[in-house]
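Read the structure below first, then the notes.
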Amino acid sequence: MSTHFPDEVFQEFTVLSIPTLTNFRGINHREVALFRGSEGWSEFAPFLEYEVAEAAHWLKASVRAAYKPWPKLYRESIEVNAIIPNIDAARVPELLAKFRGCTTVKIKVNAFEDGAALVEAVLQVIPDAKIRLDVNGGWSLRDAIEYLYEYHSRFGDIFEYIEQPCKDLFDLRQLKRETPFKIAADESIRKGLDNSFSELSEFADIAMLKWAPVGGFEVAHEIISSAGLPVVVSSALDTGIGIAHGAALAASFPKMDFACGLGTIALLESDICEPALLPENGAIAVERREPSERLMAKYAASEERRNWWKNRVTDIWNANRGEEWL
């Protein structure tokens, strides 16, 4: 088995480091690797702490997107939601201004009081907003029942769904039985890709999919075919290259009932594409994107980081017989 970086596959391999506007997932710079294949540009950007097994899904998605045509598309634009990280409520108006025309807002929450302050701040800017709460599996079942009762008591029926309120599937099943809130599964899907999703409807009402973390277009469609649930396509703090593939995934489903979480470039100092793939009138266009040479030069990572990412790709490629993805 070769231990050399497969240059012939990852053409024009470039590593970028883009500052974030908030402390999102505990990071203040987003590192991504871009490369080009026969179908165009793609992006490989699993977060730095992900081990080979999990990051392999991201690499598979990125390679196939670079070398295989997009699936059949059913729409030319995708409605998107705004996203508010767990920040000081005073910053909410500033951040919402970057999500032009978005009337659905996803808010990252932990404890009730801090989350409620963010909800109130959003409603002051967009009084008729549809609100989604994203917990990232951070609540126990007991906390979830208590907090959701308090959210309903204070705000009423403004919540479209609660994303991954609990980590444990048993807790999700119990919560789904005991609360009127719709539940969306995110980590339960992308952290359990070896499982069958035929019983996902017992735990959730909506399936959250991210193009790269689940392994690409084909895997995403297999999940939804098995789960039989409505889908929301989200992103993983991608640049416009990765967001474009996420938008294509959203456009490849014949029915899309919800706004998608594909506006996250607004959380970065800059896109790597010109013009930036930011929401306009609450939506983004579905089209392949190319990186700007000017922006690639501006945000180029150090040679040390470029070598780190090349080694990461090489390890994953060899461990998973990556040539079979082509």
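The values are calculated or read from the model by the stated rules, or taken from the named source; none is laboratory data. Since the model is a prediction, treat every value here as computed from it, not as a measurement. A quick note on method: Cβ atoms are made from the backbone with ideal geometry, for glycine too, and the neighbour counts reach across all protein chains shown.
A few remarks follow.
- Taken as a whole, the condition of being closer than 17 Å to ALA301 by Cβ, modelled with pLDDT of 95 or more and surrounded by fewer than 18 Cβ atoms within 10 Å (Cβ to Cβ) applies to SER17.
- Test for ILE84: is it at pLDDT 95 or above and β-branched (Val, Ile, Thr): yes
- Close pairs (8 angstrom Cβ cut-off, 6 or more residues apart or separate chains): under 16 Å from ALA204 (Cα atoms) and of a type in the set (A, V, I, L, M, F, W, C) in segment 137-154, in a helix (DSSP H, G or I) and at pLDDT below 95 anywhere: ILE145/GLU178
- Annotation note: of ILE241, ILE162, the sole residue that is over 24 Å from TYR74 (Cβ atoms), surrounded by 22 or more Cβ atoms within 10 Å (Cβ to Cβ) and either within 18 Å of the chain's Cα centre (by Cα) or in the same structural domain as LEU118 (by TED's automatic domain parsing) (or both) is ILE162.
- Within segment 187-199, considering residues that are part of a helix (DSSP H, G or I) and in contact with a strand residue (DSSP E or B) (Cβ under 8 Å, 6 or more places away or on another chain), the one modelled with the highest pLDDT: ILE189
- Filtered residues of segment 129-186 (kept if in contact with a helix residue (DSSP H, G or I) (Cβ under 9 Å, 6 or more places away or on another chain), aromatic (Phe, Trp, Tyr) and not in a helix (DSSP H, G or I)): TRP139, PHE159, PHE181
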